[in-house]
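Below is one structure, written out as structure tokens; the observations come after it.
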Amino acid sequence: MKYRPLAITAILGLASCGTQGRRFAEAPVIRPNEVADFRVLYGQNCSGCHGMNGEGGLSVGIGSPVYLAIADDATIRRVIQAGRPGTAMPAFAQKAGGLLTDTQVDILVQGIRDRWARPDSLGKDKAPAYASSNPGDAARGQNVFLTFCSSCHSQDGRGGKGGSIADSSYLALVSDQHLRTVTITGMPSLGAPDWRGNVPGKPLSDADVTDVVAWLVTQRTPLLSQSIPKGGSE
């Protein structure tokens with residue numbers, strides 16, 4: 001008789017385990033195209049290149065307030081959906097060969113905006129436009145580079161504490177738009193300032209950005225540059 005409490009406890013324990021097993025088995029299965037949690041979608045599809053908090057890493061910091069001040073929702077949506085052919089940015093929309101539904105793309109766009117945009121972060125500063133509306137002057141761009149960029153990347157852009165950004169291998173992996181975007185937003189995770197911080201009190205103008213990108217583009221070798229799209233990777 002003295003063992004009866006133990007027997008009852010064991011029976012209750014087995015019954016409890018069986019109940020938990022049934023509950024586990026009955027848990028709803030969420031299909032990949034039904035995932036609607038921004039954190040899951042971003043973590044699985046974006047964080048590897050753009051950082052867990054949008055801070056950047058292998059590519060642009062899409063959570064940067066500067067980036068979100070110059071790129072509107074339509075631009076971000078277009079890049080996520082279609083990617084950038086010829087670069088490391090793939091297409092994520094199902095209609096472009098990816099895995100995400102239009103609804104999931106919208107969740108990403110809205111989540112990026114809601115979490116990281118700070119509309120007042122630039123104050124009275126006006127950032128250069130996201131996209132260039134005029135062709136650049138490469139000759140002038142070289143002078144812009146020497147003034148604003150050479151202290152970190154050396155005079156020919158192939159060295160210095162900021163690394164080589166005029167190397168053909170690097171330029172073959174990124175687009176003209178990528179170069180423009182990072183010139184404006186900087187790469188804070190790598191210590192690169194935005195368009196205001198290269199020369200104290202002397203921000204880059206829209207024309208400066210356009211021209212320095214035009215000069216960088218001339219540093220690509222013709223063979224490598226054939227596959228580089230103008231639109232660019234973010």
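The values are calculated or read from the model by the stated rules, or taken from the named source; none is laboratory data. From a predicted model like this one, the values you see are computed outputs, not experimental measurements. A quick note on method: Cβ atoms are made from the backbone with ideal geometry, for glycine too, and the neighbour counts reach across all protein chains shown. Areas reflect the complete protein model, heavy atoms only, side chains present, ligands, DNA and RNA absent. Shrake-Rupley method; radii C 1.70, N 1.55, O 1.52, S 1.80 Å.
Which residues, taken from segment 86-118, are under 17 Å from L68 (Cβ atoms) and outside any helix (DSSP H, G or I)?
Our first condition is that a residue be under 17 Å from L68 (Cβ atoms); within segment 86-118, this holds for 105-118.
Those that are under 17 Å from L68 (Cβ atoms) and outside any helix (DSSP H, G or I): A117, R118.
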Inset, instruction - Would you point out the residue of segment 168-223, among those that are open to solvent by 60 Å² or more (accessible area, probe 1.4 Å) and assigned to a loop (DSSP other than H, G, I, E, B), that is nearest to P135 (Cα to Cα)? - result: T218
Inset, instruction - Output the residues belonging to segment 101-132 that are open to solvent by 20 Å² or more (accessible area, probe 1.4 Å) and over 27 Å from R196 (Cα atoms). - result: T101, D102, T103, D106, I107, Q110
Inset, instruction - Determine whether A36 is more than 25 Å from L204 (Cβ to Cβ), touching a Ser or Thr at 6+ places or on another chain (Cβ under 8 Å) and not β-branched (V, I, T). - result: yes
Inset, instruction - Determine whether segment 83-100 contains at least one residue that is farther than 23 Å from P188 by Cα, among the polar types (S, T, N, Q), open to solvent by less than 90 Å² (accessible area, probe 1.4 Å) and at pLDDT below 95. - result: no
Inset, instruction - Only residues in segment 28-42 that are over 18 Å from N53 (Cα atoms) count as the first member; pair them with residues that are in a loop (DSSP other than H, G, I, E, B) and not aromatic (F, W, Y), Cβ under 7 angstrom, at least 6 apart or cross-chain, and list the lot. - result: P32/L99; N33/T101
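Yes or no, residue by residue, for (1) among the basic types (K, R); (2) modelled with pLDDT of 95 or more; (3) in a loop (DSSP other than H, G, I, E, B):
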residue: I11; (1), (2), (3): no, no, no
residue: L14; (1), (2), (3): no, no, no
residue: R22; (1), (2), (3): yes, no, no
residue: A25; (1), (2), (3): no, no, no
residue: R39; (1), (2), (3): yes, yes, no
residue: G43; (1), (2), (3): no, yes, no
residue: V60; (1), (2), (3): no, no, yes
residue: A69; (1), (2), (3): no, yes, no
residue: V79; (1), (2), (3): no, yes, no
Legend entry - The one condition in (1) farther than 14 Å from L100 by Cα; (2) open to solvent by less than 60 Å² (accessible area, probe 1.4 Å) that L41 fails to fulfil: (1)
Inset, instruction - Answer yes if at least one residue in segment 119-138 is part of a helix (DSSP H, G or I) and in contact with a Phe, Trp or Tyr (Cβ under 8 Å, 6 or more places away or on another chain), and no otherwise. - result: yes
Legend entry - Matching residues in segment 139-163 - criterion: being outside any helix (DSSP H, G or I) and crowded, with 17+ Cβ neighbours inside 10 Å: C149, S154, G157, G162
Inset, instruction - Determine if segment 205-225 includes at least one residue that is in contact (Cβ under 8 Å) with a residue 12 or more places away in the chain, of a type in the set (A, V, I, L, M) and in contact with a strand residue (DSSP E or B) (Cβ under 8 Å, 6 or more places away or on another chain). - result: no
